[in-house]
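Novice: Structure provided below as structure tokens; questions to follow.
The values are calculated or read from the model by the stated rules, or taken from the named source; none is laboratory data. Remember, it's a predicted structure, so these values are computed and weren't measured experimentally. Don't worry about glycine lacking a Cβ; one is built from the backbone with ideal geometry, like all the others, and counts go over all protein chains shown. What goes into the accessible areas is simple: the full protein's heavy atoms, side chains included, and nothing from ligands, DNA or RNA. Shrake-Rupley method; radii C 1.70, N 1.55, O 1.52, S 1.80 Å.
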Amino acid sequence: MTTERVREILSWYRSDNPGTLGNIARLLNTGKLAGTGKLVILPVDQGFEHGPARSFAQNPSGYDPRYHFELAIEGGCNAYAAPLGFIEAGAADFAGRIPTILKVNNSDSLFKDDDPCPAVTATVQDALRLGCSAIGYTIYPGSSQRNEMYNYLRELTNEAKSVGLAVVVWAYPRGSSLSKDGETAMDVVAYAAHISAELGAHIIKVKVPTAHIEQPDAKKVYDKYQIKIDTLADRIRHVVQSTFNGRRIVIFSGGATKGTDEVLEEIRGIHAGGGFGSIMGRNVFQRPKKDALALLGQAMDIFKV
Amino acid sequence: MTTERVREILSWYRSDNPGTLGNIARLLNTGKLAGTGKLVILPVDQGFEHGPARSFAQNPSGYDPRYHFELAIEGGCNAYAAPLGFIEAGAADFAGRIPTILKVNNSDSLFKDDDPCPAVTATVQDALRLGCSAIGYTIYPGSSQRNEMYNYLRELTNEAKSVGLAVVVWAYPRGSSLSKDGETAMDVVAYAAHISAELGAHIIKVKVPTAHIEQPDAKKVYDKYQIKIDTLADRIRHVVQSTFNGRRIVIFSGGATKGTDEVLEEIRGIHAGGGFGSIMGRNVFQRPKKDALALLGQAMDIFKV
Amino acid sequence: MTTERVREILSWYRSDNPGTLGNIARLLNTGKLAGTGKLVILPVDQGFEHGPARSFAQNPSGYDPRYHFELAIEGGCNAYAAPLGFIEAGAADFAGRIPTILKVNNSDSLFKDDDPCPAVTATVQDALRLGCSAIGYTIYPGSSQRNEMYNYLRELTNEAKSVGLAVVVWAYPRGSSLSKDGETAMDVVAYAAHISAELGAHIIKVKVPTAHIEQPDAKKVYDKYQIKIDTLADRIRHVVQSTFNGRRIVIFSGGATKGTDEVLEEIRGIHAGGGFGSIMGRNVFQRPKKDALALLGQAMDIFKV
Amino acid sequence: MTTERVREILSWYRSDNPGTLGNIARLLNTGKLAGTGKLVILPVDQGFEHGPARSFAQNPSGYDPRYHFELAIEGGCNAYAAPLGFIEAGAADFAGRIPTILKVNNSDSLFKDDDPCPAVTATVQDALRLGCSAIGYTIYPGSSQRNEMYNYLRELTNEAKSVGLAVVVWAYPRGSSLSKDGETAMDVVAYAAHISAELGAHIIKVKVPTAHIEQPDAKKVYDKYQIKIDTLADRIRHVVQSTFNGRRIVIFSGGATKGTDEVLEEIRGIHAGGGFGSIMGRNVFQRPKKDALALLGQAMDIFKV
Amino acid sequence: MTTERVREILSWYRSDNPGTLGNIARLLNTGKLAGTGKLVILPVDQGFEHGPARSFAQNPSGYDPRYHFELAIEGGCNAYAAPLGFIEAGAADFAGRIPTILKVNNSDSLFKDDDPCPAVTATVQDALRLGCSAIGYTIYPGSSQRNEMYNYLRELTNEAKSVGLAVVVWAYPRGSSLSKDGETAMDVVAYAAHISAELGAHIIKVKVPTAHIEQPDAKKVYDKYQIKIDTLADRIRHVVQSTFNGRRIVIFSGGATKGTDEVLEEIRGIHAGGGFGSIMGRNVFQRPKKDALALLGQAMDIFKV
């Protein structure tokens, strides 16, 4: 049964057709956070992005594509996101048990570009035949190839929306025009989230921002209007504001594996700032299953409050 | 009821089908300037172009996409123009209350090209499903990538006209072949407006030109034939002349935020020179709502005379 | 009523469908030269190519798109050629009064390439909806981008011929591999005309060639076989021969504005060499209307002999 | 009759339609290894890749395309793989006698790129009209052109799966970002196999890996988690694990011609490590037919155990 | 009536549909060599490739497109090959009198690339509407742009075969990776012929090879296996062997104009080596008609033996 909060969230997407609204609702009404308007999503594209050993050697269960479906289901996640092969390897066996998000573009680490652009590795048609609820697409704002990414996203988004799928955008600022610190700078992350929303994303995923301001023109404005960005909660709140004043779902990721306390502290900040949830990958599937389920449970408890 | 003036303007577009004529009429028959043949349009693509904080921190109401629909409606604008996400976020709630123009290409500031080309971020199909009256498209004459922009505009224009939409072209000369002053030079702005008309635009938007002449070959002609460009009204009149001798709607923008007097002075010049109206963005949505509505009212009063 | 000469010319195009033959016939059967097999065409793409002031300041009537339709009709031209916007601005008002040629690609002067390629600015579909008899397309043989131009011309030509339109090719040798003199060299102009014919053009437009020979390999042949190129008539004759031995319509342009005597002298040479006519742009629309009509009349009188 | 093992393997591909499952079954149920879940495939694209003399002079029977069909059939192979021309030259004569895999992209040696990308030389439609069971496609992970290859593979894979064909990917790491040793490094080969599986391949073909580790980030992980890669069997096992934990068919090739003992030793290692089979090209067709058949027999005997 | 030899040749193409087989048969059953399995084809694309004067000044009859149709018909050729314009200029008048091959890509000499790629100048649809039996396509193996050529050939070939046309490939090794001598080297020509066959060509046209070996890796093989390449007949035989062991039609050209004795000597070598015929262009159409017909007759007499 759809809660008041879910109905409210769906009202922000009234331009979408019932098929897409149904899939957004499915994401919001699944798992332990069902009905809260919050989401915890398990993404497993590390194998493609960093290679199998770097991704799965720590917890070799992860070599098996079924493991991640099970982890997401048992952990009570709202959805499971992965590239074509991993989804294909479980879509039939786990059909109807958890919403899936097909990551339709991916980058590997065997070649490095200063101005990267992912390969497009799956289609909207693949998402339909595999019963997915959404497509997932990565953009690298700041790369000289950004336009290619936005152009292709436009095509995919248009097609996805017309067939009733939701669109999740991973926005990772990156490229020759940004410093390393700039990739998680406050102004840059907020800008990347805003771009994603303007490009038509239903759900946006960004990294937790730091208090660094990358762009001089932005710095003047942050100073002049004294935008609050001191605490993590402040910064999350500013990202949420920058994403259509909270009328688009924006969730956060923390990056590399870290200690449980650190992960939970971050999640408390995300929650305090009004973030819609977390996308937890390596911190989950690289832990032993018992620890992973425990961590997911603790994270969800924070978001449930 | 369509006025004599609106009928006259529509007569310039007799090559278009009734669907497109209807949408041009809708733009001309909406708001406080309805029937006058003049237009004031509210465009809000600053969030995409400059980032959310630089656009909305001054007046944080602007983070909310609904705010701009309300501003345009309450201000009596002829239309509201924005990228896909901002239009999607209000299209259903404000359906039928103001004509919308879907900006189908956009540039962000996280990467800078000396010879820029916007990303195409929405489709004609998006404009149809969102109930828009027109698509908006930016060209950068002077950029080495100009042909890519013109080629793609051709495709969009052909499609838009066949489905009864109007086409609005933002012509911003820019690129490695132009000096900074050249971007608003008299010869260059008039040339950019003419190109837009030749490319099939129904409505053309350029910046207010200065008296600078950029191109030596043009300078000879301006001198030889003593083309009048001393006052702003002269320069507006020359742009209108250069745009099919006044048989295409050409409107003007002033750029960065400035004082009210300065804005109104400029609008008086546009009006005096026979310009068809203004596109007012930052000068409107970055002011407090009350001030913004007052400024819009004053601008429209000038155009009504 | 179609004359013997027109029937003869049409017999060269027996591979074309009746729709295309009808449009070629329409071009040949219009205006003061109707039935003679000769053509004088008014092209007005200067506004796009050089900018509005450089094109129309001398005779400001030319800012108005209707002026050129009137000039072509009153002057007794066979056809009027222009880019999309100029055709759209008069196609309905002047429907059925003069055959039109839609220039479907164009270059502007706000950016300069050493190896140029025009933007494609209109479609075959545009030509159909605007009631045009032909599309016009510019190629720059000698440019490193020549293949892009030929490839795209192939697509347009195939489509145009299948829907019964004629194809007019403007062949302007240009690019980093040619000297400035080479652009109008005898060997180069004849070669460009031959390429156009091989690419399937029905009507070919080249510049009047000089006696200069650009390519060393060609020079040997011109010397060895003593090809006559001393007088303008000789050179015209050699171009006509190079264009399928006279079995394709090839017409000539003189370029920049010049004195009446000079223009007429050139036309006498074109006629003496067996050229099929002239394309007269700036020399016509930059003159006062009365002078322009007089000049057109004198030119046509030469071709009628 | 499909064996238990074949049924188990087919269960890993439950996302595929019955057409594709049928073709995978056909590959598994043909030849001397039918029903064992193991495969030995004869590929003959050497003529395209290295030229005819370097490929066939040693055993001139190989110049004739029929020879390879016969060799594969008489040798009891599961399938024969070749480029368009070689398949066309026998498809009708040998129809129904052995499953064929159409290699749809190929590289020749008349031009060398440091960052190579094969030409796409055949289509899914070709595979259908020629009665093939699968398409074969080569990727070069590590090349700067990898994205072009992955993007095109996505299109072909999507089309192939929709028409019931299987997809075999040849994954050959190569390019300016890899050392020569890196092309067969343990981490790189395992990564390439994983990428292929994520891209949706049903069958993956890699080279036998060495114990070298190419990437420093991977080296840390191989050391830290003490991944066993000392023996060939260890390395094969790690590749199989990296390919969805054994739930995708991965087969191996040894490269250049070598002695029989060396070939068989390698095959024993592949078998011991749980590899699904071998792809044997030059080592087969460059030997005299009798020797080739003997070698194939010995190899199959190892896999049958 | 189809001879035994023609039936044998057609049996090599059993993968093709009856439409294509019919067109191959038409080529083999036309002219003085009808039924012999040998072909002499007249190609006239010199006008496009080298310019009209360099091609036709020596024998000015050649400026007229009808001349070449007549020459091919009266000379008893199997087919006439030319670019779009030349075919269009005679297709209706000479319909049904000689099979035509539409050259669908061409290069001109007004711009020179070290790594050339022809422009695509006609379509399969053009070949159909003009009643052609085949398309002709040039590849430049050895050029950095080879993949573009192969990729596009794949599209054309697929389309041509589906509509019942034959495919003739002109294989001219050329590009920055080859020496001038390498363009006609034994290994390179044989390799280029093999690539063409693998790409699906029905008829392959290469230049007569010299005894030079270009590639060091090939040199080792030619030496080791003592491949006979001393006489022209040896070299022709090796090309025929390299082209599917004689199961694809491969014909030869000699290049620039030369003396009659030299031409006939070469043809005797082609015949002695088992070549399927000659493509004779400049050596025919640059001679006076009487001489040209005589030369063609003598060449055919050699092939008839």
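Novice: Filter the stretch E:209-254 for residues that are at negative phi and among the polar types (S, T, N, Q) and give the result. Spell out how you get there, then give the answer.
Specialist: To start, the set of residues in the stretch E:209-254 that are at negative phi comprises E:209-225, E:227-243, E:247-254.
The answer is E:THR210, E:GLN215, E:THR231, E:GLN241, E:SER242, E:THR243, E:SER253.
Novice: Take the stretch D:3-58 and flag every residue that is out of contact with any Leu (no Cβ under 8 Å at 6 or more places or on another chain) and within 14 Å of chain A (Cβ to nearest Cβ).
Specialist: Once the filter is applied, which keeps residues that are out of contact with any Leu (no Cβ under 8 Å at 6 or more places or on another chain) and within 14 Å of chain A (Cβ to nearest Cβ), the stretch D:3-58 yields D:GLU8, D:SER11, D:TRP12, D:ARG14, D:ASP16, D:ASN17, D:PRO18.
Novice: Identify, please: which residue in the stretch D:242-276 is open to solvent by less than 30 Å² (accessible area, probe 1.4 Å) and polar (S, T, N, Q) and is, among those, nearest to the other protein chains (Cβ to nearest Cβ)?
Specialist: D:SER242
Novice: Within the stretch D:144-154, is even one residue within 30 Å of D:GLN298 (Cα to Cα), away from chain E (no Cβ under 11 Å) and open to solvent by less than 20 Å² (accessible area, probe 1.4 Å)? It would help to see each step written out before you state the result.
Specialist: Of the residues in the stretch D:144-154, the ones within 30 Å of D:GLN298 (Cα to Cα) are none.
Among the residues of the stretch D:144-154, not one is within 30 Å of D:GLN298 (Cα to Cα), away from chain E (no Cβ under 11 Å) and open to solvent by less than 20 Å² (accessible area, probe 1.4 Å), which makes the answer no.
Novice: Tell me, please, whether a residue that is among the aromatic types (Phe, Trp, Tyr) and closer than 21 Å to C:ARG129 by Cβ can be found in the stretch C:66-80. Step through it out loud before you land on a result.
Specialist: Step one: filter the stretch C:66-80 for residues among the aromatic types (Phe, Trp, Tyr), giving C:67, C:69, C:80.
In the following step, the residues that additionally are closer than 21 Å to C:ARG129 by Cβ were identified as C:69, C:80.
Yes, there is a match, as at least one residue in the stretch C:66-80 is among the aromatic types (Phe, Trp, Tyr) and closer than 21 Å to C:ARG129 by Cβ.
Novice: Filter the stretch D:277-297 down to the residues that are open to solvent by 10 Å² or more (accessible area, probe 1.4 Å) and either of a type in the set (Gly, Ala, Ser) or more than 26 Å from D:PRO65 (Cβ to Cβ) (or both) and list them by number.
Specialist: Within the stretch D:277-297, D:GLY281, D:ALA294, D:GLY297 meet the criteria.
Novice: With respect to the numbered conditions (1) assigned to a helix (DSSP H, G or I); (2) at pLDDT below 95, which one is the sole condition not fulfilled by B:GLY255?
Specialist: (1)
Novice: Filter the stretch B:190-242 down to the residues that are more than 14 Å from the chain's Cα centre (by Cα), closer than 26 Å to B:GLU262 by Cα, small (Gly, Ala, Ser) and not in a loop (DSSP other than H, G, I, E, B) and list them by number.
Specialist: Answer for the stretch B:190-242, where residues must be more than 14 Å from the chain's Cα centre (by Cα), closer than 26 Å to B:GLU262 by Cα, small (Gly, Ala, Ser) and not in a loop (DSSP other than H, G, I, E, B): B:ALA190, B:ALA233, B:SER242.
Novice: State which residue is surrounded by the most Cβ atoms within 10 Å (Cβ to Cβ) when the search covers only the stretch B:1-38 and only residues that are of a type in the set (D, E, K, R) and outside any helix (DSSP H, G or I).
Specialist: From the stretch B:1-38, those of a type in the set (D, E, K, R) are B:4-5, B:7-8, B:14, B:16, B:26, B:32, B:38; that's our starting set.
From what is left, the residues that are outside any helix (DSSP H, G or I) are B:14, B:16, B:32, B:38.
Details: B:ARG14: 14, B:ASP16: 22, B:LYS32: 18, B:LYS38: 26.
Only one residue fits best here, namely B:LYS38.
Novice: Continuing with this model, one more query. Before we move on, is D:ASP223 farther than 28 Å from D:GLY47 by Cβ, more than 14 Å from every other protein chain (Cβ to nearest Cβ) and either of a type in the set (Asp, Glu) or crowded, with 24+ Cβ neighbours inside 10 Å (or both)? It would help to see each step written out before you state the result.
Specialist: Working: farther than 28 Å from D:GLY47 by Cβ: yes; more than 14 Å from every other protein chain (Cβ to nearest Cβ): no; either of a type in the set (Asp, Glu) or crowded, with 24+ Cβ neighbours inside 10 Å (or both): yes.
When the stated conditions are applied, D:ASP223 does not pass them.
Novice: Of the numbered conditions (1) modelled with pLDDT of 95 or more; (2) more than 22 Å from A:TYR13 (Cα to Cα), A:VAL239 satisfies every one except a single condition; which is it?
Specialist: The number of the failed condition is (2).
Novice: Residues that are touching a strand residue (DSSP E or B) at 6+ places or on another chain (Cβ under 6 Å), of a type in the set (Val, Ile, Thr) and open to solvent by less than 40 Å² (accessible area, probe 1.4 Å): does the stretch A:193-201 have at least one?
Specialist: Taking every residue of the stretch A:193-201 in turn, none turns out to be touching a strand residue (DSSP E or B) at 6+ places or on another chain (Cβ under 6 Å), of a type in the set (Val, Ile, Thr) and open to solvent by less than 40 Å² (accessible area, probe 1.4 Å).
Novice: So which residues in the stretch D:174-187 are closer than 16 Å to D:ILE251 by Cα and open to solvent by less than 10 Å² (accessible area, probe 1.4 Å)?
Specialist: Applying the first criterion (closer than 16 Å to D:ILE251 by Cα) to the stretch D:174-187 yields D:184, D:186.
Within the stretch D:174-187, D:MET186 is the sole residue that qualifies.
Novice: Select from the stretch A:108-119 the residues that are within 9 Å of another protein chain (Cβ to nearest Cβ) and over 15 Å from A:LEU153 (Cβ atoms) and list them in ascending order. So that I can check it myself, show each step before the final result.
Specialist: Initially, the stretch A:108-119 is screened for residues within 9 Å of another protein chain (Cβ to nearest Cβ), giving A:108-113, A:115, A:117-119.
Selection gives A:ASP108, A:SER109, A:LEU110, A:PHE111, A:LYS112, A:ASP113, A:ASP115.
Novice: Taking only the stretch A:155-164 into account, find how many residues are out of contact with any Asp or Glu (no Cβ under 7 Å at 6 or more places or on another chain), in a helix (DSSP H, G or I) and open to solvent by less than 20 Å² (accessible area, probe 1.4 Å). Reasoning before the result, please.
Specialist: Restricting attention to the stretch A:155-164, the residues satisfying the condition of being out of contact with any Asp or Glu (no Cβ under 7 Å at 6 or more places or on another chain) are A:155-157, A:159-160, A:162-164.
Those left that are additionally in a helix (DSSP H, G or I): A:155-157, A:159-160, A:162.
Adding the requirement that they be open to solvent by less than 20 Å² (accessible area, probe 1.4 Å) leaves A:156-157, A:160.
Total meeting the criteria: 3.
Novice: Restrict the check to the stretch B:206-218 and report whether at least one residue is open to solvent by less than 10 Å² (accessible area, probe 1.4 Å), more than 8 Å from every other protein chain (Cβ to nearest Cβ), under 23 Å from B:VAL284 (Cα atoms) and of a type outside the set (Ser, Thr, Tyr). Show your work before the answer.
Specialist: Filtering the stretch B:206-218 down to residues open to solvent by less than 10 Å² (accessible area, probe 1.4 Å) leaves B:206, B:209, B:218.
With the extra rule that they be more than 8 Å from every other protein chain (Cβ to nearest Cβ), the set shrinks to B:206, B:209.
Among the residues that remain, those that are also under 23 Å from B:VAL284 (Cα atoms) are: B:206, B:209.
Remaining after also requiring of a type outside the set (Ser, Thr, Tyr): B:206, B:209.
Yes, the stretch B:206-218 has at least one match.
Novice: In addition: Take the residues of the stretch B:165-189 that are over 21 Å from B:ILE41 (Cα atoms) and in a helix (DSSP H, G or I): which is farthest from the other protein chains (Cβ to nearest Cβ)?
Specialist: B:ASP181
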